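Below is one structure, written out as C-alpha cells; comments come after it.
The values are calculated or read from the model by the stated rules, or taken from the named source; none is laboratory data. Small disclaimer: the values here were computed from a predicted structure and weren't measured. All Cβ positions, glycine included, derive from the backbone under ideal geometry; neighbour counts span all protein chains shown.
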Amino acid sequence: MQYSTEVTIQKPIQKVIELFQNPDNAFKWMEGLSKFELIEGKLGEVGAKSNIEFQMGKRTMQMVETILESNLPKNIKFEYNSPGSYNTVNHFFKDNGDGTTKHIAESYFKFSSIGMRFMAWIMPGLFKKTEYEIRQRIQTIC
C-alpha cells in the first residue's frame, strides 16, 4: 500500500526543520508514542536506529526506526520495522517563498501478517486518515 499526504505549515522552512529534528517533538505529533530511544548511530544521521514504542489502548506496539536518507532541509526518509509490518516514510519539505512550508509525506507499507494485510485491504482509509492527522499535529506544533 502506498499513498502521500501533504500539509502547509505556517512557519519558515528552517523553523519547521529545527522542530522536526527534535525527537521530543515526535511525542506531540505521533499519537500514542510512549518511548523513543536511540540504540545505534548519531541522532538525525543516516543509519541511526531508535527503538520506538506506541501505546494503543491496552496494546503496546514496538518498532525500530532507521534513518535511510537525509538531505535536509529538502527531505528525510525513515524505515519502520515491527513484527508483521514494514514501512517507509519519505518526508519532503518545500519553502513556499512566503514564510510557509509545504510538508509532503510519501508512505509505503508492506505487511507480512495475514491480519495486517487484511486490515490494509479492507480499511486503507484508516492508514491515510492516521497519516493526515499526524500532518495536522505537525502543523500545530510548528
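If you take just the strands (runs of 3 or more DSSP E) that sit entirely in the stretch 1-111, which of them hold at least 2 residues that are under 16 Å from the mean Cα position of the chain (by Cα) and in contact (Cβ under 8 Å) with a residue 60 or more places away in the chain? Write out each step before concluding.
Values: elements: 2-9, 33-40, 49-56, 59-71, 75-82, 85-95, 101-111.
Fully inside the stretch 1-111 and qualifying: 2-9, 85-95, 101-111.
For residues that are modelled with pLDDT of 95 or more and not basic (K, R), scanning just the stretch 75-87, find the one that is surrounded by the fewest Cβ atoms within 10 Å (Cβ to Cβ). Please lay out each step first, then the result.
From the stretch 75-87, those modelled with pLDDT of 95 or more are 75-79; that's our starting set.
With not basic (K, R) added as a condition, the list becomes 75-76, 78-79.
Values: N75: 15, I76: 21, F78: 19, E79: 17.
Once the filter is applied, the top-ranked residue is N75.
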